[in-house]
Amino acid sequence: MQRVQPNPILNTSLPQQFRQIRIDLAREPGHPFGDTGFAYSIVAPLDADDRIDAKLQREHREACRIARLRPDQDDRQGHLVHRGGGWAFSYPDTPDEVGHHFAEDRFVPGEYVSISEDGKMHTYRVASGVAFVDLVKAQASRRRCRVRRGRPSPQNRAVGTSPASRSFP
């Protein structure tokens, strides 16, 4: 499957509250052990209680992104939006997916969140949450090391553009 890559987030001055969060499908019928192939990668600001920060989301709408990852489909890229009192994943050409009680959910590893996809509710487990600023610094450091060793790499580009990482900028 071809991995669609969005425009990279070039703004390394995002507030420190921004996180890259990965949530994986939890146990459910048909997936008794969960499935890490069915996942979302989310870039969003979190408040001190590890909940989505609505104020920062409004200030940085373009940076609040979603990547819907499926093993047998192209990645679907969208944005995290606040609509009608709740959070949703908005995609250009498909219906939104709604986060169930996202305003109350904590996005820390081990916690569970629910998403309504195509009219069916699915539970996901928060697998990781990395400070976006730290992610940008780490990738920049790796690029500098490659160049210093005299081996410029095709990976020397903006955050999140590597198809191998299947992460989202």
Answer residue from segment 24-45, given it is in contact with a Ser or Thr (Cβ under 8 Å, 6 or more places away or on another chain) and outside any loop (DSSP other than H, G, I, E, B) and is surrounded by the fewest Cβ atoms within 10 Å (Cβ to Cβ) among those: Glu28
Residue, surrounded by the most Cβ atoms within 10 Å (Cβ to Cβ), within segment 55-93, restricted to residues that are among the small types (Gly, Ala, Ser) and not in a strand (DSSP E or B): Ala63
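Is it true that some residue in segment 46-54 is over 22 Å from Leu25 (Cβ atoms), touching a strand residue (DSSP E or B) at 6+ places or on another chain (Cβ under 7 Å) and either at pLDDT 90 or above or outside any strand (DSSP E or B) (or both)? Can you show your working first?
Start the filter on segment 46-54 by keeping residues that are over 22 Å from Leu25 (Cβ atoms), which leaves 47-49, 53-54.
If we keep only those that are touching a strand residue (DSSP E or B) at 6+ places or on another chain (Cβ under 7 Å) as well, we get 53-54.
Applying the additional criterion that residues be either at pLDDT 90 or above or outside any strand (DSSP E or B) (or both) yields 53-54.
Yes, the conditions are met somewhere in segment 46-54.
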Residues that are in contact with a Ser or Thr (Cβ under 9 Å, 6 or more places away or on another chain), in a loop (DSSP other than H, G, I, E, B) and either at pLDDT 90 or above or over 19 Å from Arg68 (Cβ atoms) (or both), drawn from segment 94-111: His101, Asp105, Pro109
Count of segment 100-129 residues which are among the charged types (D, E, K, R), closer than 18 Å to Val43 by Cα and in contact with an Asp or Glu (Cβ under 8 Å, 6 or more places away or on another chain): 4
Among (1) at pLDDT 95 or above; (2) of a type in the set (Val, Ile, Thr); (3) assigned to a loop (DSSP other than H, G, I, E, B), the one test that Val4 misses: (1)
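Would you confirm whether or not segment 20-36 contains a residue that is aromatic (Phe, Trp, Tyr) and under 16 Å from the mean Cα position of the chain (by Cα)?
The first filter runs over segment 20-36 and keeps only residues aromatic (Phe, Trp, Tyr), leaving 33.
Applying the additional criterion that residues be under 16 Å from the mean Cα position of the chain (by Cα) yields none.
For segment 20-36, residues aromatic (Phe, Trp, Tyr) and under 16 Å from the mean Cα position of the chain (by Cα): absent.
The values are calculated or read from the model by the stated rules, or taken from the named source; none is laboratory data. Predicted model, so just to flag it, every value in this text is computed and none were measured. With ideal geometry, Cβ positions are generated from the backbone for all residues, glycine too; neighbour counts draw on all protein chains shown.
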